[in-house]
Amino acid sequence: MMERKAGLDGFVRFDKSRYSLPPQYAGQTVLIGQQEHKIVIRCKDMIVAEHRAANQAGSAVADPAHLADMWKLSLQRTSAPPPRWQLTFDAQVQSTPLSRYQEATS
C-alpha cells in the first residue's frame, strides 16, 4: 500500500491511472494498493473504495456512486456572490507644491 493525497476532484492517482473515492475523502491522505486484480483504497483502517485495475495507463476508473455523490455535493454548494468591497480613505494626504521641488534643485 502506498500513501497518496486524494485530489479535491474525488480521485487518487496510482500506477499512472486515477481511481475515484467517496467525496468525503477528497483532499485527504489515503493508502492505495493493488491486491490481485483489484485496486483497494483505504483511509486509516477502513476500506473506502475498491476498483478493478485500469486496463491502460492514463485511465480514470470511477464508481458511479462516487460520481453521483460528488454531483449532489456540487449542487448543494451554491456559492454566495463575491463581496462588494468599497474602500474609502479618510486620512488627508499632504501635498507639496511643485515649486518647492523646483527651488530645491536650483
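Some observations on this one:
- Top-ranked residue of region 19-28 - restricted to ones that are farther than 15 Å from Glu50 by Cβ and more than 9 Å from the chain's Cα centre (by Cα), ranked as surrounded by the most Cβ atoms within 10 Å (Cβ to Cβ): Pro23
- Single match in Leu87, Leu75 (criterion: modelled with pLDDT under 80, within 17 Å of Gly10 (Cβ to Cβ) and not in a strand (DSSP E or B)): Leu75
- Across region 23-61, the number of residues qualifying as outside any strand (DSSP E or B) and of a type in the set (Asp, Glu) comes to 2.
- Scanning region 1-47 for residues that are hydrophobic (A, V, I, L, M, F, W, C) and under 18 Å from Leu73 (Cα atoms) turns up Ala6, Leu8, Phe11, Leu21, Ala26.
The values are calculated or read from the model by the stated rules, or taken from the named source; none is laboratory data. As the structure is a computational prediction, the values presented were derived from the model and not from experiment. We place every Cβ from the backbone using ideal geometry, glycine too, and count neighbours over all the protein chains shown.
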